[in-house]
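Novice: Starting off with a structure, shown below.
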Amino acid sequence: MNPKYVKRTSMACATVLALSTILAGCGGAKTDNKQAADSGAAQNEGPLKITIMANLSTPEVPSDKIKKILEEKTNSQIEFQWVPDGSYDEKFQAAFATGSLPQAAYLKNQSSFVLLRDAIKNGQFWEIGPYLKDYPNLSKLNPDVLKNTAVEGKIYSLYQERPIARQGVIYRKDWADKLGLPEPKTTDDIYNMLKKFKEADFAGGGKTLGLADRNDLVYGSFKTLASYFGTPNGWGVQDGKLVPDFMTKGYMDTMKFIKKLRDEGLINQDFPVTSKTDQQNMMYTGKAGMYIGSMQDVLTIQDKTSKNIKEAQYDVLNQFTSPSNSKPTTWGIPGYGTLVVFPKSAVKTEKELKQILAFYDKFFNPEIANLLKYGVEGTHYTLKDGKVQPGEDEKLKEKEQKPYLTVALADTTNILPSLYTLKAQEKAVNLSNEAVKFAIQDPTTPLDSKTYNEKGARLQDIIKDATYKFMLGNIDEAGFQAAVKKWQDDGGAKIMEEYNASYKASGGK
């Protein structure tokens with residue numbers, strides 16, 4: 001399923017946004033062509049004074065230790081407006097509605113960005129695309145990721161780098177070795193391994209499961225397995241037109257595959273209501289031998305399983321084929337985490353915008369990129385053979401360093417490599433990097449559908465419910481197709497029409 005189908009923020013927030021689009025807020029200024037020699041940005045007389053609103057994912061506002069270093073390195077005076085993560089979207093929309101957003105405002109995720117599209121179209125935020133070429137680092141931003149952030153083909157935000165494809169298979173290699181099983185390469189191999197794990201009953205008492213899954217069709221097993229069966233990522237192109245993933249053969253093949261696993265007891269029977277915590281506990285306690293999700297989870301899974309089962313050993317893989325898909329494919333995210341936008345209500349002139357972009361251009365310089373990601377060398381981490389070894393004082397890092405992960409933009413560019421204590425974790429990172437070559441993007445990410453914005457989440461519940469019912473054996477193919485028709489009749493057909501019109505207008509790319 002498409003990550004865009006995550007439920008939107010509350011209706012109250014959406015209402016505030018709808019009302020806020022009537023605000024003028026349109027800045028404008030005479031062009032100042034004077035450019036800085038090192039970055040192509042307008043010269044800044046004295047330290048740049050900038051206000052930044054960002055979500056706080058830790059219990060307390062950070063100390064100013066890193067802030068002072070950041071100010072020194074960027075020749076700036078920064079006022080951070082930290083807002084608790086749980087209430088961030090609501091506070092953002094309220095500030096926007098009252099015209100009190102700061103000069104740089106972070107959007108938590110793609111869902112928050114979708115809610116802001118109408119306001120962006122109405123000219124309430126600066127278009128920054130034409131300026132990026134003038135900066136040494138911003139000019140090198142990934143054009144494919146920028147495209148995913150576009151609104152009607154124009155760029156209005158800077159993005160926080162994120163690995164495009166982290167999903168894969170984590171499995172008990174020690175179990176596979178005992179059974180003489182080679183590493184799986186196809187969906188048939190996955191099925192065979194799960195079956196052998198159950199038959200061997202390593203947990204004892206007939207309680208061994210092959211696969212542990214949870215109540216998440218996106219970040220659980222379903223979407224990743226679906227990509228192995230050739231299912232498009234959210235939406236795909238068939239006969240030159242966009243269609244949702246659940247109307248494709250790959251989606252049906254995936255439902256049948258998971259239904260077979262459940263029918264044969266190779267997966268936890270209650271997976272539609274199983275939490276991530278309970279799913280991972282099945283791995284930690286040796287009750288299950290395979291986990292499908294983010295390969296980065298292997299470190300935590302290995303550490304916690306080893307406390308219960310010393311001989312446990314995990315491996316990771318992410319390149320699989322199937323009878324209907326002869327080349328490895330996986331689904332990818334748009335390539336960004338948070339986004340930074342620049343309200344015209346706070347950034348009054350083009351000169352001011354250029355100064356702010358010059359400030360953010362420095363976020364990709366090695367010394368600042370590593371400061372925001374890792375903290376201060378000798379305090380929050382040490383270097384060993386040129387690699388970062390995180391400090392052990394978690395409370396100190398939470399107080400001083402971790403909040404700045406929210407405002408960092410660089411995640412791979414000019415970032416020091418980490419020192420991995422687990423081979424499987426390093427392998428997971430390398431596989432994620434390689435997966436960029438065969439990761440499938442959702443073609444609707446940069447497109448717009450008014451009906452989807454209004455009804456998409458509710459309509460997707462129809463498909464989500466039908467998907468689980470099919471895999472549980474409560475409906476057959478005809479029942480699933482009836483749900484698809486209901487989705488179309490209740491607004492889905494209009495969404496398809498609007499997305500295809502937007503797709504055609506963009507040149508079908």
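Matching residues to (1) under 24 Å from Lys140 (Cα atoms); (2) at pLDDT below 50; (3) buried (at least 19 other Cβ atoms within 10 Å of the Cβ); (4) over 22 Å from the mean Cα position of the chain (by Cα):
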| site | (1), (2), (3), (4) |
| --- | --- |
| Ala12 | no, yes, no, yes |
| Lys34 | yes, yes, no, yes |
| Gly40 | yes, yes, yes, yes |
| Asn55 | no, no, yes, no |
| Thr74 | yes, no, yes, yes |
| Gly86 | no, no, no, no |
| Asp89 | no, no, yes, no |
| Ser111 | no, no, no, no |
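Novice: Name the residues in segment 113-144 that are open to solvent by less than 30 Å² (accessible area, probe 1.4 Å), outside any loop (DSSP other than H, G, I, E, B) and of a type in the set (Phe, Trp, Tyr), would you?
Specialist: Phe113, Phe125 - these are the residues of segment 113-144 that are open to solvent by less than 30 Å² (accessible area, probe 1.4 Å), outside any loop (DSSP other than H, G, I, E, B) and of a type in the set (Phe, Trp, Tyr).
Novice: Something else about it: Out of all the residues in segment 286-311, which are open to solvent by 10 Å² or more (accessible area, probe 1.4 Å), touching a Gly at 6+ places or on another chain (Cβ under 8 Å) and within 16 Å of Lys173 (Cβ to Cβ)?
Specialist: Correct list: Ile309 only.
Novice: Continuing with this model, one more query. Taking segment 446-468 on its own, how many of its residues are open to solvent by 20 Å² or more (accessible area, probe 1.4 Å) and either aliphatic (A, V, I, L, M) or part of a loop (DSSP other than H, G, I, E, B) (or both)?
Specialist: 4
Novice: Can I ask one more? Kindly list, by first and then second residue, each pair from a residue in segment 451-475 that is closer than 14 Å to Met252 by Cβ to a residue that is open to solvent by 50 Å² or more (accessible area, probe 1.4 Å) and of a type in the set (Asp, Glu), limited to pairs with Cβ atoms under 9 Å and residues at least 6 apart or on different chains.
Specialist: Phe470/Asp476; Phe470/Glu477
Novice: So is Tyr88 aromatic (Phe, Trp, Tyr), touching a strand residue (DSSP E or B) at 6+ places or on another chain (Cβ under 6 Å) and assigned to a helix (DSSP H, G or I) or not?
Specialist: When the stated conditions are applied, Tyr88 passes them.
Novice: Six or more apart or on different chains, Cβ under 6 Å: which pairs go from a residue in segment 318-332 that's within 15 Å of Ile292 (Cβ to Cβ) and open to solvent by less than 20 Å² (accessible area, probe 1.4 Å) to one that's among the aliphatic types (A, V, I, L, M) and part of a loop (DSSP other than H, G, I, E, B)? Could you list them?
Specialist: Thr330/Ala165
Residues checked against (1) in a loop (DSSP other than H, G, I, E, B); (2) within 22 Å of the chain's Cα centre (by Cα):
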| position | (1), (2) |
| --- | --- |
| Gly204 | yes, no |
| Gly210 | no, no |
| Leu225 | no, yes |
| Thr231 | yes, yes |
| Gly250 | no, no |
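Novice: Regarding segment 93-111, can at least one residue be identified that is under 21 Å from Ile50 (Cα atoms) and out of contact with any helix residue (DSSP H, G or I) (no Cβ under 9 Å at 6 or more places or on another chain)? If you could, list the steps in order and put the result at the bottom.
Specialist: Within segment 93-111, the first condition is being under 21 Å from Ile50 (Cα atoms), and the residues that meet it are 93-108.
Narrowing further to those that are out of contact with any helix residue (DSSP H, G or I) (no Cβ under 9 Å at 6 or more places or on another chain): 95.
There is at least one residue in segment 93-111 that is under 21 Å from Ile50 (Cα atoms) and out of contact with any helix residue (DSSP H, G or I) (no Cβ under 9 Å at 6 or more places or on another chain).
Novice: Sticking with this structure for a sec: Go through (1) of a type in the set (A, V, I, L, M); (2) more than 20 Å from Gly230 (Cα to Cα); (3) part of a strand (DSSP E or B) and name the single condition Met283 misses.
Specialist: (3) is the only condition that Met283 fails.
Novice: Further question: Identify, please: which residue in segment 230-279 is small (Gly, Ala, Ser), farther than 25 Å from Glu199 by Cβ and out of contact with any Ser or Thr (no Cβ under 7 Å at 6 or more places or on another chain) and is, among those, surrounded by the fewest Cβ atoms within 10 Å (Cβ to Cβ)?
Specialist: So the residue we want is Gly240.
Novice: From the list Ala410, Ala428, Ala435, which residue is open to solvent by less than 50 Å² (accessible area, probe 1.4 Å), part of a loop (DSSP other than H, G, I, E, B) and of a type in the set (Gly, Ala, Ser)?
Specialist: Going through Ala410, Ala428, Ala435 in turn, the sole match is Ala410.
Novice: For Ile190, all conditions in the list (1) over 12 Å from Phe257 (Cβ atoms); (2) buried (at least 23 other Cβ atoms within 10 Å of the Cβ); (3) of a type in the set (Val, Ile, Thr) hold save one; what is the number of the exception?
Specialist: Ile190 satisfies all of (1) over 12 Å from Phe257 (Cβ atoms); (2) buried (at least 23 other Cβ atoms within 10 Å of the Cβ); (3) of a type in the set (Val, Ile, Thr) except (1).
Novice: Separate question: Report yes if some residue within segment 363-383 is within 24 Å of the chain's Cα centre (by Cα), surrounded by fewer than 21 Cβ atoms within 10 Å (Cβ to Cβ) and at pLDDT below 95; otherwise report no.
Specialist: No.
Novice: Give the number of residues within segment 161-188 that are closer than 24 Å to Val218 by Cβ and either free of Cβ contacts under 8 Å to residues at least 24 places away in the same chain or not polar (S, T, N, Q) (or both).
Specialist: Looking only at segment 161-188, we keep the residues that are closer than 24 Å to Val218 by Cβ, and these are 161-171, 184, 186-187.
Now restrict to residues that are either free of Cβ contacts under 8 Å to residues at least 24 places away in the same chain or not polar (S, T, N, Q) (or both): 161-166, 168-171, 184.
Of the residues in segment 161-188, 11 are closer than 24 Å to Val218 by Cβ and either free of Cβ contacts under 8 Å to residues at least 24 places away in the same chain or not polar (S, T, N, Q) (or both).
Novice: Let me ask you something else. Would you point out which residue out of Ile155, Ile170 is modelled with pLDDT of 95 or more, of a type in the set (Val, Ile, Thr), crowded, with 23+ Cβ neighbours inside 10 Å and out of contact with any His (no Cβ under 7 Å at 6 or more places or on another chain)?
Specialist: Working: Ile155 fails: crowded, with 23+ Cβ neighbours inside 10 Å.
Criteria check complete, one pass: Ile170.
The values are calculated or read from the model by the stated rules, or taken from the named source; none is laboratory data. Keep in mind the model is a prediction, meaning the values are calculated, not measured. A quick note on method: Cβ atoms are made from the backbone with ideal geometry, for glycine too, and the neighbour counts reach across all protein chains shown. SASA here: full protein model, heavy atoms, side chains in, ligands and nucleic acids out. Shrake-Rupley method; radii C 1.70, N 1.55, O 1.52, S 1.80 Å.
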